[in-house]
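Written out below as structure tokens is the structure these notes cover.
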Amino acid sequence: MSLPCEIAIKCLLPPVRALLAKELTAKHNLKQSEAAELLGVSQPAISLYQRKIRGKAIDLEKDPEIMEQVENLANALAKGNLAYKDFIQMFCGICRKIRAKGLLCKMHKTMDPSVDTEKCGLCLAASSMNCI
């Protein structure tokens, strides 16, 4: 049985990084290498995100609440004064919001058919969970 966080790492981490990379390069005019350094990934990873080769498991751009959180994190990263702890809290907040909206459940069921997402409800309560 797989944990929701395992599914999040496989299916949510790359799309959120892709959105952050897009924000950092398009709105903050950072080079791919600069965005990569801020996100702790390689420059080729940023290129893959931008070409939609990586990070396309779920489309999050249509959700204004999630995009607001992504934009806030990108703005804080671009300013260059974001502490590591704050970065983690903001990133995990995005993940909790995605989970609370039930956007992870379908992927979880696909990756682990033994999970009964109709009865689970854990992710739907994610916004009140404190996982750090």
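Read the figures in this text as sums done on the coordinates, not as results from a lab. In this text, all values refer to a predicted model and were calculated from it rather than measured experimentally. We place every Cβ from the backbone using ideal geometry, glycine too, and count neighbours over all the protein chains shown.
Of note:
- Taking Cα atoms only, the orientation of helix 13-22 departs from the longest principal axis of the chain by about 30 degrees.
- By the rule of a C-alpha distance below 28 Å, with chain neighbours fewer than 8 residues away ignored, the lysines paired with residue 31 are 10, 22, 52, 56, 62, 79, 85.
- Estimated FRET transfer efficiency when R0 is 25 angstrom, pair residue 84-residue 110 (beta carbons, to 0.05): 0.15
- Helix content alone sets the calculated 222 nm mean residue ellipticity of the chain: runs of n ≥ 4 DSSP H residues at -39500 (n - 2.57) each, divided across all residues, give -17000 deg cm²/dmol.
- Summing Cβ point charges (Lys, Arg +1; Asp, Glu -1) relative to the Cα centre of the chain gives a dipole of roughly 240 debye.
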